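Participant: The structure's right below; bear with me while I get my questions together.
The values are calculated or read from the model by the stated rules, or taken from the named source; none is laboratory data. This is a predicted model, so every value here is computed, not measured. Glycine also receives a Cβ, built like all others from the backbone with ideal geometry; neighbour counts cover every protein chain displayed. Protein only, heavy atoms only, side chains kept; ligands, DNA and RNA dropped before computing areas. Shrake-Rupley method; radii C 1.70, N 1.55, O 1.52, S 1.80 Å.
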Amino acid sequence: MASPLTPPPSPPPFLPHHYHYHHPPPPLLSTAPTLTRRSLLLSTSLTTLSPTVPQPDTTITDRVYMDFSLCPNYFRPDRTLSDTVSSLCTESTPLGRVILGLYGRLVPLTVSNFKTMCTSSSYKNTLVHKIFPGQFFLAGRQGRRDKGEVRVPLELVRNTETVDSKAFKLTHSRPGIVSLCLSENDDEDDVKLDPNYRNVEFLITTGPGPSPQLDSKNIVFGVVLEGLDVVTAIASIPTYKPSERIRQFNDLASFLGDERAQNARSSWNRPLKTVFISDCGELNVTKPSLSPPSLP
């Protein structure tokens, strides 16, 4: 007996042509979350409660000035051992005055020592001993007064901020930044080994750009408020630059442990004209300013 035949599936219903145009498919269900008043309040509360990183206090509590000059007679051949910058540079050429604003709330010990060096005239008649073009210049190297170097007064306190991580938060982000030299300090080793040694060497960035290689290694404690043109003039003074051959010999000598290599490097980047601090002191601040002005 033959099995019954299975009827074929019925074709889909015929839809009129006008149906496709006048009856679009049903819309998809939205998966976006619905904002409610409760969710908005919760989001605002979480944002408010999130911790904020405190910014360094760059209130300018003190102002000091430094007058810079050029000395044409410092390297004259008839100078004697008793000659100093003050006796040799009586006919100096003024470059101008630089006014510095100091961050006394951020690094009070560094600012106090720097201010003491200015008010005691310890920086007066000392040299700007190195200039790194497009970066910064150095001043305040300790040593002999007849060589234009600094003698530190006995009342200077020991600066414990040099080992405090909070003192290294500010960066050398623009021209006119004033910083205590630590990584760039070139005081002699016998000077540093003195139990009464106080680091007072400082640098000022000259621009035109930032100097990130100085960040986290030197303590920023102030900024140039007036006289950035003087800083630029100092930066433009030509310096001693060794030839590539001398650099290669020096690198080899340093690799072999020859101490003369370091002595030779000490003359690199020295200005070919004598720049010195002809005067310095403190300016009275009646009301501390909340922040330094913007610099170009």
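Participant: Here is a check on your reading of the model: is G222 of a type outside the set (D, E) and buried (at least 22 other Cβ atoms within 10 Å of the Cβ)? If you could, list the steps in order and put the result at the bottom.
Facilitator: Working: of a type outside the set (D, E): yes; buried (at least 22 other Cβ atoms within 10 Å of the Cβ): yes.
Here the answer is yes, as G222 does meet what is asked.
Participant: Further, regarding this structure: Between residues in segment 168-184 that are over 21 Å from R141 (Cα atoms) and residues that are among the acidic types (D, E) and open to solvent by less than 60 Å² (accessible area, probe 1.4 Å), which pairs lie under 6 Å by C-beta distance while being six or more apart or on different chains?
Facilitator: T171/D215
Participant: If you check T232, T239, which single one turns out to be at pLDDT 95 or above and polar (S, T, N, Q)?
Facilitator: Values: T239 fails: at pLDDT 95 or above.
Going through T232, T239 in turn, just one is at pLDDT 95 or above and polar (S, T, N, Q): T232.
Participant: Please state which one of S69, S112, S87, S92 is over 19 Å from V191 (Cβ atoms) and without any contact (Cβ under 8 Å) to a residue 12 or more places away in the chain. Spell out how you get there, then give the answer.
Facilitator: Working: S69 fails: without any contact (Cβ under 8 Å) to a residue 12 or more places away in the chain; S112 fails: without any contact (Cβ under 8 Å) to a residue 12 or more places away in the chain; S92 fails: without any contact (Cβ under 8 Å) to a residue 12 or more places away in the chain.
Testing whether each residue is over 19 Å from V191 (Cβ atoms) and without any contact (Cβ under 8 Å) to a residue 12 or more places away in the chain leaves just S87.
Participant: So, of the residues in segment 162-195 that are crowded, with 18+ Cβ neighbours inside 10 Å and among the small types (G, A, S), which turns out to be farthest from Y123 (Cα to Cα)?
Facilitator: A167
Participant: Right, here's the next one. Filtering segment 63-82 down to residues that are assigned to a strand (DSSP E or B) and closer than 17 Å to V128 by Cβ, which residue is modelled with the lowest pLDDT? Can you show your working first?
Facilitator: If we filter segment 63-82 for residues that are assigned to a strand (DSSP E or B), which is where we start, we get 63-71.
Still in the list and also closer than 17 Å to V128 by Cβ: 64-71.
Numbers: V64: 97, Y65: 98, M66: 98, D67: 97, F68: 98, S69: 96, L70: 94, C71: 91.
Ranking the qualifying residues of segment 63-82, first place goes to C71.
Participant: Another question, if that's okay. Does at least one position in segment 268-286 carry a residue that is surrounded by fewer than 14 Cβ atoms within 10 Å (Cβ to Cβ), hydroxyl-bearing (S, T, Y), at pLDDT 90 or above and not in a helix (DSSP H, G or I)?
Facilitator: Within segment 268-286, none of the residues are surrounded by fewer than 14 Cβ atoms within 10 Å (Cβ to Cβ), hydroxyl-bearing (S, T, Y), at pLDDT 90 or above and not in a helix (DSSP H, G or I).
Participant: When you go through (1) in contact (Cβ under 8 Å) with a residue 24 or more places away in the chain; (2) over 22 Å from the mean Cα position of the chain (by Cα) one by one for K192, which number turns out not to apply?
Facilitator: Every listed condition holds for K192 apart from (1).
Participant: Identify, please: which residue in segment 120-141 is open to solvent by 40 Å² or more (accessible area, probe 1.4 Å) and of a type in the set (S, T, Y) and is, among those, nearest to R270 (Cα to Cα)?
Facilitator: Among residues in segment 120-141 that are open to solvent by 40 Å² or more (accessible area, probe 1.4 Å) and of a type in the set (S, T, Y), the one nearest to R270 (Cα to Cα) is S121.
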